[in-house]
Amino acid sequence: QVQLVESGGGLVQAGGSLRLSCAASGRTFSRYGMGWFRQAPGKEREFVAAISWRGGSTYYADFVKGRFTISRDNAKNTMYLQMNSLKPEDTAVYYCAAGAPSVVVTGEYDYWGQGTQVTVSS
């Protein structure tokens, strides 16, 4: 079992930056693949980024490549999403997710956080 809690969301101007954190608890956290998703009002949840359990492999949606960076610190049981050059269209609730190491390939995440709101103003 894994429990996930996101933090770091808020209101930022276009072009600004935020760093989201996802604190995880669980006995085998270091072996979980993890990812970030987001959902805007009236829209489907969409994939943002994922990272392998070692942190050596990362995956990004096209719309965030070059702007967002996913990372993890297994010693702190925490995953991060550094978001730079934010755009109004990045406004959404951001969720972190975790699962077996294969989730970065299969997308079959087992655990989800409660979400944190990111709002980017024009």
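The values are calculated or read from the model by the stated rules, or taken from the named source; none is laboratory data. These figures come from a predicted structure and were not determined experimentally. The accessibility values were calculated without ligands, DNA or RNA, using every heavy atom of the protein model including side chains. Shrake-Rupley method; radii C 1.70, N 1.55, O 1.52, S 1.80 Å.
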Calculated [θ] (222 nm, deg cm²/dmol) that DSSP helices of n ≥ 4 give over the chain, each run adding -39,500 (n - 2.57):
-500 deg cm²/dmol
All lysines inside 20 Å of Lys76 as judged from Cα atoms, apart from same-chain residues fewer than 8 positions distant
none
Once phi is turned into ³J(HN,Hα) by the Karplus curve 6.51 cos²θ - 1.76 cosθ + 1.60 with θ = phi - 60°, what whole-Hz value does each residue of the range 68-83 show in order, with x for glycine and proline?
10, 9, 9, 8, 8, 10, 5, 5, 9, 6, 9, 10, 10, 10, 7, 10
Take the solvent-accessible surface of the protein heavy atoms, probe 1.4 Å, and return the percent of it on the chain that carbon and sulfur atoms account for.
46
Using Cα pairs closer than 8 Å and at least 6 residues apart in sequence, work out the relative contact order for the chain, in percent.
36
Order the following by accessible area, largest value first: Ser121, Ser52. Probe radius 1.4 Å; ligands, DNA and RNA are ignored.
Ser121, Ser52
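Which whole-number percent is the relative contact order of the range 79-122 (Cα, under 8 Å, 6+ apart)?
It comes to 48 percent, rounded to a whole number.
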Here the equivalent ellipsoid of the range 83-122, derived from its Cα gyration tensor, has semi-axes (largest first, whole Å) of 26, 12, 7
³J(HN,Hα), Karplus 6.51/-1.76/1.60, whole Hz, each residue of the range 93-99, x for Gly, Pro:
8, 9, 10, 9, 9, 8, x
Percent relative contact order for the range 30-90, counting Cα pairs under 8 Å at least six residues apart, stands at 24
Give me the Debye-computed log₁₀ of I(q)/I(0) at q = 0.18 Å⁻¹ for the range 1-112, equal point scatterers on Cα only, no solvent, two decimals.
-0.84
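Where the eigenvalues come from the Cα gyration tensor of the range 48-122, what are the semi-axes √(5λ) of the equivalent ellipsoid, largest first, in whole Å?
22, 14, 12
Please report the equivalent ellipsoid semi-axes of the range 6-59, computed as sqrt(5 x eigenvalue) of the Cα gyration tensor, largest first, in whole Å. Before the final figure, lay out the partial values.
Numbers: eigenvalues 113, 40, 30 Å².
One finds semi-axes of 24, 14, 12 Å for the range 6-59.
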Mind checking which lysines have their Cα closer than 24 Å to the Cα of Lys43? Skip sequence neighbours fewer than 8 apart in that chain.
Lys65, Lys87
Enter the accessible area per residue of the chain (Å², integer; probe 1.4 Å; all protein chains in place).
52
Protein-only accessible surface order, largest first, of Lys43, Lys87 at 1.4 Å:
Lys43, Lys87
